[in-house]
Amino acid sequence: MSASAEMPYFIKPSVNLTATEKVTAYEEAIAAITANLAGEEDRTLKMVTINCLLKTYLPYFYWVGFYLVSGPERLSVGPYQGTLGCLHIAFGRGVCGKAAQTEETQLVPDTHALAQGSEHIACDPNSRSEIVVPVFDPQGALIAVFDVDSTLEASFDEIDQRYLERLLRDVFGTK
Ligand code: SME
């Protein structure tokens, strides 16, 4: 089944936030995540909780989820909320593949400006901007990338980068 340009009835178009609104939303979301994950060690439960609560508090999170390192130089889709995600992505392909290869956060203000199929993989044509953050285990090994897409251009900035990098480090990078 291929991804459709039509949004399913349960998926809403994104709404951008001002910087102040963003900070408030992240503070509330992270407080809720921290409370719900207190004492939790299961990686899958951490991922589903992060997806659910960030998508609840941040109205521009159209697609949110993890691509897991599933083999040498390969990612496979893991826990996510949103429209159908591509199943496998090679390191170096698309924004997720670049984040995995470089182990650095990727901020993309306009996905349509990227070369389709190589620089960007359009699982859903409604995705217009995105951020992808690498996720490491306590030993510093890459275990996944965290991908968030918005239906609007330029939804993500340094505020998203700062909060998401810190959250993912706190949840997955420490014992
Ligand atoms: N946008 C990603 C592909 C994954 S989907 O957006 C869910 C990319 O180009 O890496």
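The values are calculated or read from the model by the stated rules, or taken from the named source; none is laboratory data. Bear in mind the structure is a predicted one, so any value in this text is a computation, not a measurement. Because the Cβ atoms are built from the backbone with ideal geometry, glycine has one as well, and the counts that use them run over all protein chains shown. All accessible areas refer to the heavy atoms of the entire protein, side chains included, with ligands and DNA or RNA removed. Shrake-Rupley method; radii C 1.70, N 1.55, O 1.52, S 1.80 Å.
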| field | Tally, over the stretch 96-118, of residues that are in contact with a Gly (Cβ under 7 Å, 6 or more places away or on another chain) and charged (D, E, K, R) | value | 1
| If you go through the stretch 81-98 one residue at a time, how many are open to solvent by 50 Å² or more (accessible area, probe 1.4 Å) and closer than 30 Å to Val23 by Cβ? | 2
| task | Exactly one condition in (1) surrounded by fewer than 19 Cβ atoms within 10 Å (Cβ to Cβ); (2) in contact (Cβ under 8 Å) with a residue 24 or more places away in the chain; (3) closer than 22 Å to Leu53 by Cβ; (4) not aliphatic (A, V, I, L, M) is not met by Gly78; state its number. | result | (1)
| said: Tell me whether the stretch 102-115 contains one or more residues that are within 25 Å of Phe10 (Cα to Cα), more than 9 Å from the ligand (Cβ to nearest atom) and not in a loop (DSSP other than H, G, I, E, B). | reply: yes
| remark: Contact list, first residue from the stretch 103-124 and farther than 17 Å from Phe156 by Cβ, second anywhere and open to solvent by 50 Å² or more (accessible area, probe 1.4 Å) and within 8 Å of the ligand (Cβ to nearest atom), beta-carbon distance below 8 Å, six or more apart or interchain, is Gln116/Ala122; Ser118/Arg93; Ile121/Arg93
| query | In the stretch 1-35, what residues are in a helix (DSSP H, G or I), touching a Leu at 6+ places or on another chain (Cβ under 7 Å) and over 17 Å from Gln81 (Cα atoms)? | reply | Ala25, Ile30, Ala32
| request: Filter the stretch 46-75 down to the residues that are without any contact (Cβ under 8 Å) to a residue 24 or more places away in the chain and of a type in the set (S, T, N, Q), then identify the one that is surrounded by the most Cβ atoms within 10 Å (Cβ to Cβ). | output: Thr49
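Per-residue answers, yes or no, for (1) assigned to a loop (DSSP other than H, G, I, E, B); (2) within 14 Å of the ligand (Cβ to nearest atom); (3) over 15 Å from Tyr62 (Cβ atoms); (4) not hydroxyl-bearing (Ser, Thr, Tyr):
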{"residue": "Ser118", "(1), (2), (3), (4)": "yes, yes, yes, no"}
{"residue": "Asn126", "(1), (2), (3), (4)": "yes, yes, no, yes"}
{"residue": "Glu130", "(1), (2), (3), (4)": "no, yes, no, yes"}
{"residue": "Gly140", "(1), (2), (3), (4)": "yes, no, yes, yes"}
{"residue": "Ala144", "(1), (2), (3), (4)": "no, yes, yes, yes"}
{"residue": "Ala154", "(1), (2), (3), (4)": "yes, no, no, yes"}
{"residue": "Tyr163", "(1), (2), (3), (4)": "no, no, yes, no"}
{"residue": "Leu168", "(1), (2), (3), (4)": "no, no, yes, yes"}
{"residue": "Thr174", "(1), (2), (3), (4)": "yes, no, yes, no"}
| task | Select, from Ala32, Ala25, Ala5, Ala38, the only residue that is among the hydrophobic types (A, V, I, L, M, F, W, C), in contact (Cβ under 8 Å) with a residue 24 or more places away in the chain and farther than 19 Å from Val148 by Cβ. | result | Ala5
